[in-house]
Amino acid sequence: MDIAFFAYTALANMVTSIALGTILLLYYYRSAAIRRFFFFCLSIAYASTFYFLWLKTETAEAALYFARHFTIGMVLIPATYIAFVMAFLKIPARTEKIVNSVNLAVVILYLPFSFHPMVIQSVESKMLFPFWPEPGLLFHFGFSYFLMTTVYAHYLLWTGMQKEQGIRRRQIRYVLAGTVIGFVGGVTNFLLWYDIPVLPYFNLCISLFLLSIAYAVIRFRLLDIEIILRKTLVFAGLVSFVFAIFAAATFIIREILNIYLGISPIWSYIISIFLIVVGFDPIRNLLVDITDKHLFQKKYDYQKLLKDASKGISRIESLQHLFALVTHFITMRMRVVSAAILTKQKDSGRFSLEFQRGYPKKYLAYYVAANDPLIQYLSTEKEAIDLEKIREYMEAGGKKKVKGEKPHEYDFAGIRRQMEALESVCCVPSFLGHELKNVLVLGPKKSGDVYTSEDMNVLFTLAQESAIAIENARLYDEALSRTQELENINIALESAKGKLTQALNETEAANKQLQDTQAQLIHEQKMATLGRLAASVGHEVNNPLTILSMNVSRAILKFRKNPDLKVSEILEVFQKMEQNISRIKAVVNTLTGLLKKSEKGKFEPLSLKLILEETLPLVQFQTYLDNLTGTEVEFNVPGNVPLIRGDLERLQEVFLNLFINAYHAMAGRRNPRIEVKAEVDPNQPRMVAIHFTDNGQGMSEETQKRIFNYGFTTKPPGKGSGLGLYMCKYIIELHGGEINVRSNPGVGTTFTLTLPIYEEASFGNLSAQSNVNVRDVAQ
Amino acid sequence: MKKILIVDDELGIVEEVRDFLSEEGFEVITADTGKEGVDKLGQTKPDLMILDIKLPDMSGIDVLKVCKRVAPQTKIIVNTGYVDQKIIDEAESVGRDVFLQKPFDLERLKTEVDRLLK
């Protein structure tokens, strides 16, 4: 094996350490651990550079000089490493301060002696190496320090690992493993110093060690390892390129141009610089391309897929599909154990857990309140949160530092409790406008990796895209459900139609029942009329009866005074008695004539004049009772008015009611007058029209409209039953006629009735016709 | 001599009561409408009025009310052939001394008149 191999392992370590240290520092200069890691990388780079130079040099003096520089690195490396480990493990500040002070003291004490022969006496040829240092007394001291510190670092990492759980534990394990590898690799460099014939084969392990630590550190979210590796590779490639150009230029130009053409070696440098300037960018792009396309295929696809998903979801119209896609996509593509979506409920404002995927058992009706700390955090901060972040904030005293503002305070313990309840490691909010609409609830990654900030950025973007899509889908769903509603309404209408038909049938049945009821009403109305008549008849009979009684008592008194009284002397008294008896007889006869029961529904030819004349005495009884005498009644019924077809008794009721109403309407008015006029209806030649006019107080339009309604009355309570005109209309319609009213308030009222003319031809089936009419009216 | 006013539109009754009470030794005044009755009440201030409720021009109740105002000392016998408890009650509430339901005979009338004018 060539000595050059060992030189180049050192060179590789140098390149790796500078690249890693610089990139991590650029990304995470805020982290104390990373800053220390950077110094540690510098120390390694320092040692590696001089190690490389020492092995490559051709003179003993130069080798000694470079080796002495290497020993400075040997002391710096453990000092910076232990500082990094303590910052990484968050060792209490007191301990950290003491250890760092001791280290600093050691380094400061050591540096002045580093070029003293007590460290390296001389260089000698050992195995392959022409110039290998002979260690002095102080070297042993320095190496002991290296060993002790490294062992201490192992110890710290080991105990630190025991205390931690989960991701943190794994992370420390990586650092510890890296430290062991690095330690083993590093120590192989020192065996030859103690004449142990082992070549420093494992020097390259230092690069591995660095990568391992970087990987562990970034597992703790700092940066995705793949990005680190990619950038490190590109950087390393570029450094190699620069070196290669220099080497090539130096060799070709110096060896060929100088020797054969005699060109100055200065030109070799100028040309190589020119080549570097020209070639740097294309080479870098090529390297980036190669690493992206060939080494990081998965990563490349993953980002592209996220982009595609964001585009694709906005085209999905069904909310169900969309949610399903989002959770499916995340669980499958990001390799997440479980995913779900918390969606804001429209009415209550709380969030319900939906579309659970990958949970060992399904949560049923799980709700997160609107004032839950998790929801509050996501609403206010508008960023994704994961358990690592929460842990950081909690270590910072439950505060989130915000540039230019007072630190935001949240109940991080509450947020963690909620996330643990949801079995979630990372929650990503999704906004529509400023309103938090949904939360992606993500479980741990299957790989056990934490969510990197890049992951969270991509997820956040996806969540915002999906918010719009979700809203679209929700609107679409609503539109769909409205269509469904319309269909439901249609169905309801159909069934309503059925019900309506049924109701119509029922109504018909009810109509039949109503007919019976109306017949009953007619009967009752008749009884009421009879009752009133009986009262007035009582009055009409009682007056003559009183006189009769007085006549009798006068006669008796006279007989008592003079028992020999002759009948001729009191003949006058007997004549009076006879008069009064006749009068009583007349009253009773009128009544019996009226009450004579006619056969129900049997219509007969009737003279209108007769009806009116037979009704009038009843009217007079009635109006007499009500103190409404003194009314002029005029009948204008020409002799050529034909007979009408009807039931006398019922038509008498009609006219009785009309008269009574007219009298009441005219109460207290001057010159009360009623005119009853009859004629053949000019519009309907088979009908007789009767106009019944009074000059009473009249009535308003409103009253006219309702006057025939059952139960409607303008009379004070207890005075009118509201049955009268209702019954009139009913009776007239039973006869196949009509009744209408026309009135002027303050002037008077005219009722117009029509009744069918009696026709010889229809005489035979009067009964049947009347039945038909009854049906017509009822319907 | 005690004065008695008869108000009734039934002339047969007026005649009979007037004849009978004259023979019994009373001064009898008659009226066959409400208006006439009211006029004669004011003019004569009778000791007793025999009043019918049913009058052609006004209600006997109104005559009763006027009587209470213009001749408060007058005793009142109300009578009617009309069987309506409401009117009977109304007459009582305005203030009649005796109510006679038609038909009534002269002996009954004489008993009430004697009792009221004792």
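What follows draws every value from the coordinates through simple rules; no lab data is involved. Since the structure is predicted, the reported quantities are computational estimates derived from the model, not experimental observations. All Cβ positions, glycine included, derive from the backbone under ideal geometry; neighbour counts span all protein chains shown.
What do you get when you divide the Cα radius of gyration of the range A:337-418 by 2.2 N^0.38 Å, with N the number of residues?
That works out to 1.22 for the range A:337-418.
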- Item | Max mean-square fluctuation residue, GNM over chain B, Cα-Cα springs under 10 Å, options B:T44, B:T33, B:T80 | B:T44
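Can you give the net charge of the other residues whose Cβ lies under 10 Å from the Cβ of B:G12, counting K and R as +1 and D and E as -1? Kindly include the intermediate steps, with their values, before the conclusion.
Numbers: positive: A:K576, A:R583; negative: B:D8, B:E10, B:E15, B:E16.
Counting the neighbours of B:G12, the net charge comes to -2.
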- Note on the structure: Expected vector for the range A:64-70, Karplus 3J(HN,Hα) from phi with 6.51, -1.76, 1.60 and θ = phi - 60°, integer Hz, x for Gly and Pro, equals 4, 4, 5, 5, 5, 4, 4
- Task: Quote to one decimal, in nm, the extra length available between A:K399 and A:R670 on full extension: 0.36 nm per residue of separation minus the C-alpha distance between them.
- Result: 87.7 nm
- Query: Over the C-alpha atoms of the range A:80-167, what are the Rg and the largest Cα-to-Cα span, Dmax, in Å?
  - Reply: 17.2, 51
- Just tell me how shielded A:557-564 is by partners: mean number of partner chain Cβ atoms within 10 Å of each residue's Cβ, no decimals. 1
- List, in order, the whole-Hz ³J(HN,Hα) value for each residue of the range B:99-106 obtained from phi through the Karplus relation with A = 6.51, B = -1.76, C = 1.60 and θ = phi - 60°; use x for Gly and Pro. 10, 10, 8, 6, x, 10, 9, 5
- Query: What does the charge add up to near B:K110, with Lys and Arg as +1, Asp and Glu as -1, over the other residues with Cβ less than 12 Å from its Cβ?
  - Reply: -3
- Task: Note down, for the range A:1-137, the three equivalent ellipsoid semi-axes (square root of 5 times each alpha carbon gyration tensor eigenvalue), biggest first, whole angstrom.
- Result: 30, 19, 9
- Task: Take the Cα coordinates of the range A:626-706, assign each an equal point scatterer, and use the Debye formula without solvent to give log10 I(q)/I(0) at q = 0.13, 0.15, 0.26 Å⁻¹.
- Result: -0.51, -0.67, -1.27
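Which GluC sites (Glu not before Pro) from the range A:37-99 combine a DSSP loop assignment with at most 16 other Cβ atoms within 10 Å? Let's see the in-between values first.
Working: sites: A:E58, A:E61, A:E96; in loops: A:E58.
Filter output for the range A:37-99: A:E58.
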- Distance check, please: which entries in A:K362/A:K446; A:K362/A:K406; A:K400/A:K437; A:K346/A:K497; A:K715/B:K54 exceed 29 angstrom between their Cα atoms? A:K362/A:K406; A:K346/A:K497
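Beyond 29 Å between alpha-carbons counts as too far, so tell me which of A:K566/B:K110; A:K558/B:K68; A:K90/A:K403; B:K3/B:K35; A:K677/A:K729; A:K163/A:K344 fall in that bin. Mind dumping the intermediate values first?
On the way: A:K566/B:K110 25 Å; A:K558/B:K68 37 Å; A:K90/A:K403 24 Å; B:K3/B:K35 19 Å; A:K677/A:K729 19 Å; A:K163/A:K344 39 Å.
Among A:K566/B:K110; A:K558/B:K68; A:K90/A:K403; B:K3/B:K35; A:K677/A:K729; A:K163/A:K344, the Cα-Cα distance tops 29 Å for A:K558/B:K68; A:K163/A:K344.
Could you pull out the trypsin sites (Lys or Arg not before Pro) across the range A:545-581 that fall in loop regions by DSSP (anything but H, G, I, E, B) with no more than 16 other Cβ atoms inside 10 Å? It would help to have the intermediate numbers written out before the result.
Working: sites: A:R554, A:K558, A:R560, A:K561, A:K566, A:K576; in loops: A:K566.
Those satisfying the criteria are A:K566.
Treat the range B:70-118 as a sphere of radius equal to its Kirkwood radius over Cα pairs and apply Stokes-Einstein at 37 °C in a medium of 0.692 mPa s; give the translational diffusion coefficient in µm²/s, rounded to a whole number. Mind showing how you got there, number by number?
On the way: Rh = 11.7 Å.
Estimated via Stokes-Einstein, D reaches 281 µm²/s.
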- Note on the structure: The alpha-carbon center of the range A:146-187 and that of the range A:626-686 are separated, in whole Å, by 124 Å
- Task: Send over the Kirkwood Rh of the range A:372-488, from the inverse of the averaged 1/r over different Cα pairs, rounded to one decimal Å.
- Result: 15.7 Å
- Query: Once amide H atoms are placed 1.01 Å from N in the peptide plane, what residues at a sequence separation of 5 or more from A:G646, or on another chain, have their amide H within under 5 Å of its amide H?
  - Reply: A:E604, A:L606
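Quick check on the exposure proxy: order A:L286, A:L608 from fewest to most C-beta atoms within 10 angstrom. Don't skip to the answer; put the middle values down first.
Values: A:L286 14, A:L608 21.
Going from least to most buried by this count: A:L286, A:L608.
Given R₀ = 51 Å, what would the calculated FRET efficiency be for B:V70 paired with A:K566, taking r from the Cβ atoms and rounding to 0.05? Working shown, then result.
On the way: r = 47 Å, r/R0 = 0.92.
Computed FRET efficiency for B:V70 and A:K566: 0.65.
Can you list which of the trypsin sites (Lys or Arg not before Pro) found in the range A:452-503 are DSSP loop residues with at most 13 other C-beta atoms within 10 Å?
none
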- Message: I'd like the distance separating the alpha-carbon centroids of the range A:29-53 and the range A:73-135, in whole Å.
- Response: 13 Å
- Note on the structure: Rounded to a whole number, the mean other protein chain Cβ count within 10 angstrom for residues of B:93-102 is 1
